[in-house]
Amino acid sequence: MSAGTDIFYDPTAKDVQWLGLDLVTISGAENYRQQMILRLLTDRGELIHYPDYGTSLFHLARLSMSPARLEELQRELVQTCQQDTRTQQVDQVEIVNENGCLRISACLHAIEREFRLEMIIGDQVEVNVL
């Protein structure tokens, strides 16, 4: 399965990147990583023309935590990652609530390799796909 090609978005600059008059593009594993990060940083319903794109993790994280809520967060994470058709499997999901800060990790199987997802939802949000 092709990992596709897309415009490179620099999260530090919060903008697309240019090389002279050309847009910088990415492909392969880097494209998958970028798309997964952007999907996990987008609230579902935030994009008018793509209302199903994104996740409800942030909404769920604001609710009171219980074992049932942690299971709901896990289901939402798996469903969000599987919105990308290149994601074949999501496993080794761990969600830990530490004083109102959620630490999330998972293994994503996609485009014939594994990626490690690390996410923190607290005062600030961090998402890394390694």
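Readers should treat all values here as calculations from the given coordinates under stated rules, not as data from a laboratory. Keep in mind the model is a prediction, meaning the values are calculated, not measured. Quick reminder, even Gly has a Cβ in these numbers, built from the backbone with ideal geometry, and neighbours come from all protein chains shown.
For the range 13-32, indicate whether the set of residues that are in contact with a Ser or Thr (Cβ under 7 Å, 6 or more places away or on another chain), under 23 Å from LEU130 (Cα atoms) and part of a helix (DSSP H, G or I) is non-empty.
Within the range 13-32 (the criterion being in contact with a Ser or Thr (Cβ under 7 Å, 6 or more places away or on another chain), under 23 Å from LEU130 (Cα atoms) and part of a helix (DSSP H, G or I)), the answer is yes, since at least one residue qualifies.
Can you list residue pairs whose Cβ atoms sit under 7 Å apart, with the first residue in the range 47-70 being in contact (Cβ under 8 Å) with a residue 12 or more places away in the chain and over 13 Å from LEU102 (Cβ atoms) and the second being polar (S, T, N, Q) and not in a helix (DSSP H, G or I)? Count only pairs 6 or more apart in sequence or on different chains.
What qualifies is TYR53/THR42; GLY54/THR42.
(1) free of Cβ contacts under 8 Å to residues at least 12 places away in the same chain; (2) over 13 Å from the mean Cα position of the chain (by Cα); (3) outside any helix (DSSP H, G or I): which one isn't true of GLU126, the others all being true?
The failed condition is (2).
Does GLN74 qualify as being of a type in the set (S, T, N, Q), over 12 Å from the mean Cα position of the chain (by Cα), in a helix (DSSP H, G or I) and within 26 Å of ARG103 (Cβ to Cβ)?
It is true that GLN74 is of a type in the set (S, T, N, Q), over 12 Å from the mean Cα position of the chain (by Cα), in a helix (DSSP H, G or I) and within 26 Å of ARG103 (Cβ to Cβ).
Name the one entry in LEU63, LEU73, LEU38 that is within 27 Å of GLN92 (Cβ to Cβ), surrounded by 14 or more Cβ atoms within 10 Å (Cβ to Cβ) and in contact with a helix residue (DSSP H, G or I) (Cβ under 9 Å, 6 or more places away or on another chain).
Sole residue among the options that is within 27 Å of GLN92 (Cβ to Cβ), surrounded by 14 or more Cβ atoms within 10 Å (Cβ to Cβ) and in contact with a helix residue (DSSP H, G or I) (Cβ under 9 Å, 6 or more places away or on another chain): LEU73.
Show the residue pairs meeting these rules: Cβ distance below 7 Å; 6+ apart or different chains; first residue within the range 77-94 and without any contact (Cβ under 8 Å) to a residue 60 or more places away in the chain; second residue among the charged types (D, E, K, R) and not in a strand (DSSP E or B).
THR80/ARG39; GLN83/ARG39; ASP84/ARG39
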